[in-house]
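The values are calculated or read from the model by the stated rules, or taken from the named source; none is laboratory data. For clarity, every value in this text was computed on a predicted model and none was experimentally measured. For neighbour counting, all protein chains shown are included, and Cβ atoms are generated from backbone atoms with ideal geometry for every residue, glycine included.
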Amino acid sequence: MPASNAKRFLSAFNNIEYSLKTRYGFNRSMGFSELIRKTVVLNYTVRKFEDDLVDYGRLRNAIIHNNNEDYVIAEPHEEVVKNIEHIEKLLTKPPLVLDTVAQKDVLTMSSSATMKDVIITMTKSKFSNIPVYNKEQLIGIANGQKILDSFGQFILAGGKAESFLSSVKIEDMLSSLEKNDYYIVASAKMTIEDALNAFHSNAKLLAILITKNGKKKEMPLGIMTGKDVIEANSILETY
């Protein structure tokens, strides 16, 4: 016999509550509204569905009597049940970046490549973020905008365009950057939620490189860039 809407709703609600409290180490006695308020800054999925979750906290109190889940006094609509089950799935079994939005055929370049080589490769491949390796060690990610900025600075300093293209190596350009906060390396276990959190918390982030354990000495399994954020958000809606 299929579970009632109330039973399905309460099961999803309890799983969400348990998952968030366990993940973030909150006290089991914490109220649901406070739980959502505290996790909204930590969890992209909670932030995305904050209003729904707050409403569902009130609804949970409305459909049971004296916290007795065997005494149901109201049945939620099917649409509501499906939505909370969708949120439950996102929070308890979140989709992985590597299984969804990541480009798995990752193009890489050697640290000894000239800027001309890199620019030609970017133009032919249409990739604007290319990981650069010295043997098996990641030294950075060649980014089209970063290259353009470096080229402009080189010219303003009196350098010749041909010299920049033929004499400067990509490793030289990457080492001249003041910060490398425009990319991160993450493990194959990174979820879409984690990735969206990373892009949300760092406006300068352009790419996430996925390796087996999130180490720079590992070869890439996939890459997610800023252009994939829209698709990632779409997956949260339909997963």
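Some observations on this one:
- All positions within segment 105-158 that are within 17 Å of G222 (Cα to Cα) and hydroxyl-bearing (S, T, Y): T108, S125, S128, Y133
- Filter pass, T100 being of a type in the set (S, T, N, Q) and under 16 Å from the mean Cα position of the chain (by Cα): yes
- Each residue in segment 1-23 was checked for being assigned to a loop (DSSP other than H, G, I, E, B) and either in contact with a strand residue (DSSP E or B) (Cβ under 7 Å, 6 or more places away or on another chain) or hydroxyl-bearing (S, T, Y) (or both), and 1 of them qualify.
- Checking segment 135-142 against the condition returns a match, with at least one residue being among the aliphatic types (A, V, I, L, M), touching a residue at least 12 places away in the same chain (Cβ under 8 Å) and within 15 Å of T225 (Cβ to Cβ).
- Flag for I235 being outside any helix (DSSP H, G or I) and in contact (Cβ under 8 Å) with a residue 12 or more places away in the chain: no
- Only residues that are within 11 Å of K116 (Cβ to Cβ), outside any loop (DSSP other than H, G, I, E, B) and among the aliphatic types (A, V, I, L, M) were counted across segment 148-171, and they come to 3.
- Output for segment 205-216, where each listed residue is closer than 12 Å to S187 by Cα, in a loop (DSSP other than H, G, I, E, B) and either touching a residue at least 40 places away in the same chain (Cβ under 8 Å) or among the hydrophobic types (A, V, I, L, M, F, W, C) (or both): K216
- For segment 204-239, the set of residues classified as closer than 15 Å to Y44 by Cα and hydrophobic (A, V, I, L, M, F, W, C) consists of V229, I230, A232, I235, L236, listed by residue number.
- Of F199, F164, F154, all but one fail to be farther than 23 Å from L107 by Cβ and either touching a Lys or Arg at 6+ places or on another chain (Cβ under 6 Å) or assigned by TED's automatic domain parsing to the domain that holds I130 (or both); the exception is F154.
- Which listed residue is closer than 18 Å to T191 by Cβ, among the polar types (S, T, N, Q) and within 29 Å of the chain's Cα centre (by Cα), from N27, N83, N15: N15
- Verdict on E34 being within 30 Å of S201 (Cα to Cα), among the acidic types (D, E) and buried (at least 17 other Cβ atoms within 10 Å of the Cβ): no
- Contact annotation: residue pairs with Cβ atoms under 7 Å, 6 or more positions apart or on different chains, pairing a residue in segment 25-41 that is free of Cβ contacts under 8 Å to residues at least 60 places away in the same chain with a partner that is hydroxyl-bearing (S, T, Y) and loosely packed, with under 15 Cβ neighbours inside 10 Å, are T39/Y24.
- Residue within segment 184-204 that is more than 21 Å from K216 (Cα to Cα), under 31 Å from the mean Cα position of the chain (by Cα), outside any helix (DSSP H, G or I) and without any contact (Cβ under 8 Å) to a residue 12 or more places away in the chain present: yes
- Condition check for A142 on (1) at pLDDT below 95; (2) more than 20 Å from V101 (Cα to Cα); (3) small (G, A, S): one failure, at (1).
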